[in-house]
1. Which members of the range 106-122 meet the condition of being over 13 Å from Pro56 (Cα atoms) and out of contact with any Phe, Trp or Tyr (no Cβ under 9 Å at 6 or more places or on another chain)?
2. Within the range 110-131, how many residues are farther than 20 Å from Gly29 by Cα, part of a helix (DSSP H, G or I) and free of Cβ contacts under 8 Å to residues at least 60 places away in the same chain?
3. If we keep just the residues of the range 132-147 that are assigned to a helix (DSSP H, G or I) and either out of contact with any strand residue (DSSP E or B) (no Cβ under 9 Å at 6 or more places or on another chain) or of a type in the set (S, T, N, Q) (or both), which is surrounded by the fewest Cβ atoms within 10 Å (Cβ to Cβ)?
Amino acid sequence: MAWKYRQELFNLDVYLVRSVSMLPALNPGDLVIVKIEVENSHHSFNKGDIIVFNDPNVKKMKLIKRIAYVPGESVTYSKLITAMDAKTHRPVAYREQQTLEHINGYFVLGDNPKHSTDSRNLGPINLRQIVGKVFLTIPKENLGWLYSIAAWLQK
């Protein structure tokens, strides 16, 4: 996600999807319209919701993922670990199973897990990081000339 347009009057953000992490639900070039969450408003995020949130590692970067687990639930997942073999001096990869009990935040996952940076890497997402919930997606094919403008603006 890079390009954003904010409509303050209706508390909406518009984002241009830039990665394959949410395939097949969202494709690169699709536009998503997000209802931004205002402080002290009623938050209603549920499993299955697609949200936009602030990347905890990259300032001003927004990520878009699906909520897989909500606060209070327990999560078990496997994480791919890569390391250097001390004897052969070659990289090796293995899966490590991890369990988080009663998470204090939202555990988010990309729909395309092989190409997604999500809670498996970032940990649970807290409410303050969430920008809002996607409520409308406009496929790239339906954008016509608007896509060209959006792509030009994000450069």
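We did not get these values from a lab; they are worked out from the coordinates using the rules stated. Quick caveat: nothing in here was measured; it's all calculated off a predicted structure. Note that we place each Cβ from the backbone using ideal geometry, even for glycine, and neighbour counts take in every protein chain shown.
1. Scanning the range 106-122 gives Gly110, Asp111, Asn112, Pro113, Lys114, His115, Ser116.
2. Looking only at that region, the number is 4.
3. Trp145
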